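Since the structure comes first, as structure tokens, the remarks are kept for the end.
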Amino acid sequence: MTFSSIGLLHPGEMGAGIGAALVRTGHAVSWASTGRSAPSATRATEAGLVDVRTIGAMVEGSDLIISVCPPHAAVDVAHQVAGFRGTYLDANAIAPQTAREIAAAVETGGAVYVDGGIIGAPPSPSNATRLYLSGRGAPEVSQVFTGTAVDARVIPGDHVAASALKMCFAAWTKGTTALLLDIRALARAEGVDDALLSEWQRSLPDLAGRSLQAARQASTKGWRWVGEMEQIAATFRSAGLPDGFHRAAAEIYAGPSRDEEAAADDATLAAVVHALLRRGGPD
């Protein structure tokens with residue numbers, strides 16, 4: 001199977017990167033501008049995407065639709081393509097049970113569901129991103145990315161195995177990032193921040209710098225990671241495992257104010273720590 005027309009929902013940072021990677025190898029990729037923000041329009045233009053205005057027009061004109069959106073919106077986005085009869089790739093950071101819900105919704109309308117899990121930064125000519133795929137249409141979808149900066153890998157197992165893998169991977173990377181910030185807030189609350197940094201310098205010298213990076217990520221991306229942590233918690237819970245780590249991580253990422261220009265520095269860390277302490281009680 002080949003795909004002649006690809007629709008993308010939506011051109012956020014990751015989505016635009018994937019769209020641009022496909023455009024660079026000659027694919028026609030569309031997006032729907034209705035209801036989207038000016039920054040989305042800018043990213044779409046820079047990626048070379050074709051604006052078809054509405055999702056309805058995309059459904060009519062595409063044989064492959066790729067969903068890349070914040071996890072909390074994934075189900076709603078899937079319902080917006082009701083009646084689509086092509087292949088629907090959901091590449092969002094969602095729990096396997098959420099993926100199954102989306103699969104049921106799109107397959108009821110006649111589409112083929114392919115599950116996806118993205119690992120890594122947005123693709124670019126200098127950076128390859130891994131896209132894990134599962135489900136009966138996964139091998140065909142993987143071929144779309146041949147020669148692009150997206151390293152598409154089909155994995156065996158359940159048809160939502162790609163989502164399960166993404167949950168396991170992000171449980172560590174983003175879960176420990178949140179834990180590091182909570183530790184910095186605790187050290188400040190207890191008045192041992194300087195002593196902790198001194199001990200880290202002796203025994204774990206990378207943690208001070210990592211905590212600055214964690215603060216930048218919480219400020220620039222934390223708002224989007226809240227839903228992902230909730231999805232990870234749901235994945236643990238459905239497996240009969242403790243889910244409190246990632247419910248707490250969701251609360252941590254909900255604390256800082258969104259700041260797309262935040263740097264990995266002491267000022268950003270101080271702002272994040274202050275936000276966490278304010279949520280927890282008197283500073």
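Summary of computed values
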read-out: Selected residue [among the charged types (D, E, K, R) and touching a strand residue (DSSP E or B) at 6+ places or on another chain (Cβ under 6 Å)] from 63, 90; value: 90
read-out: Residue selected from the stretch 192-204 under the condition charged (D, E, K, R) and within 15 Å of residue 180 (Cβ to Cβ), by the criterion most open to solvent (accessible area, probe 1.4 Å); value: 199
read-out: Residue count, the stretch 179-216 (criterion: within 14 Å of residue 276 (Cα to Cα) and of a type in the set (A, V, I, L, M, F, W, C)); value: 10
read-out: Near pairs, Cβ below 9 angstrom, 6+ apart or cross-chain, from the stretch 261-272 (without any contact (Cβ under 8 Å) to a residue 40 or more places away in the chain) to any residue that is open to solvent by 50 Å² or more (accessible area, probe 1.4 Å); value: 270/188
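The values are calculated or read from the model by the stated rules, or taken from the named source; none is laboratory data. Quick caveat, the model's predicted, so the values are computed rather than measured. Note that we place each Cβ from the backbone using ideal geometry, even for glycine, and neighbour counts take in every protein chain shown. These area figures cover heavy atoms from the full protein model, side chains too; ligands, DNA and RNA do not enter into them. Shrake-Rupley method; radii C 1.70, N 1.55, O 1.52, S 1.80 Å.
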